[in-house]
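The values are calculated or read from the model by the stated rules, or taken from the named source; none is laboratory data. Quantities reported herein were computed from a predicted structural model and do not represent experimental measurements. When we count neighbours, we look across all protein chains shown, and the Cβ atoms used for this are built from the backbone with ideal geometry, even at glycine. Keep in mind that these areas ignore ligands, DNA and RNA; they rest on the heavy atoms of the full protein, side chains included. Shrake-Rupley method; radii C 1.70, N 1.55, O 1.52, S 1.80 Å.
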Amino acid sequence: VDDGSTDDTPDALRDLLDEYPQLRGLRMDSTPSGRGNGQSAALHAGLRACRGDLIAVLDADLQNDPADIPGMLRLMRERDADMVQGDRSHARKDSLVRRASSQVGRIFRRLLLGDTIRDTGCSLRLMKREVALQLPLEFRGMHRFIPVTAQHMGYTVIETPVRHRPPVPGRPI
């Protein structure tokens, strides 16, 4: 899903679609000038366009390694889970301020929402299609609450460590 960002995503999607005909690309339009529609809107559109029984999602900034997906699938089957959330916290090299703010955020999320997921910011996730279609991603910023929302809906969500790399920002056209 191209969320309408101002980089070369449309060209990259076209190239991938030529190489992999089983893929489908979505381009969101009517975006605010100079900005994309946001991750929640892109996920909402993409998840509803998916046709498979299982859906893996990750950002296009190369932070996550798609090679982690087969291990997530094995774990999902072994533990009979509905969703596997990636956890890159073991591999991040954040500043003290970033680590402290993440810790404070986790404490509040646990107290207010009962959220036990350590790294809700990791975009690498594998979920059953039924979970994906139930997520209320119409609201900006809801992508940050995918794991706890799935748990509150009664689905089994587990975490697993995944690789982490520095993001590669998009290049303006």
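So, D80, is that one loosely packed, with under 12 Cβ neighbours inside 10 Å and touching a residue at least 40 places away in the same chain (Cβ under 8 Å) or not?
Spelling it out, D80 is indeed loosely packed, with under 12 Cβ neighbours inside 10 Å and touching a residue at least 40 places away in the same chain (Cβ under 8 Å).
Would you point out the residue of the stretch 1-20, among those that are assigned to a loop (DSSP other than H, G, I, E, B) and not polar (S, T, N, Q), that is modelled with the highest pLDDT?
Only one residue fits best here, namely Y20.
Of everything in the stretch 94-117, what is part of a loop (DSSP other than H, G, I, E, B) and open to solvent by 40 Å² or more (accessible area, probe 1.4 Å)? Give them in sequence order.
Once the filter is applied, which keeps residues that are part of a loop (DSSP other than H, G, I, E, B) and open to solvent by 40 Å² or more (accessible area, probe 1.4 Å), the stretch 94-117 yields D94, S95, G114, T116.
Could you please tell me which pairs satisfy a Cβ distance under 8 Å, a separation of 6+ or placement on different chains, a first residue in the stretch 138-150 that is within 16 Å of D115 (Cα to Cα) and free of Cβ contacts under 8 Å to residues at least 60 places away in the same chain, and a second residue that is charged (D, E, K, R) and open to solvent by 30 Å² or more (accessible area, probe 1.4 Å)?
V148/R109
Applying the selection to the stretch 118-159, what residues are modelled with pLDDT of 85 or more, assigned to a loop (DSSP other than H, G, I, E, B) and open to solvent by less than 30 Å² (accessible area, probe 1.4 Å)?
Matches in the stretch 118-159: C122, S123, L124, L135, L137.
Checking D61 against (1) open to solvent by less than 40 Å² (accessible area, probe 1.4 Å); (2) modelled with pLDDT of 80 or more; (3) under 14 Å from the mean Cα position of the chain (by Cα); (4) of a type in the set (D, E, K, R), which test does it fail?
The failed condition is (2).
Can you name the condition, by its number, that R51 falls short on among (1) at pLDDT below 85; (2) under 24 Å from E130 (Cβ atoms); (3) open to solvent by 60 Å² or more (accessible area, probe 1.4 Å); (4) among the charged types (D, E, K, R)?
(1)
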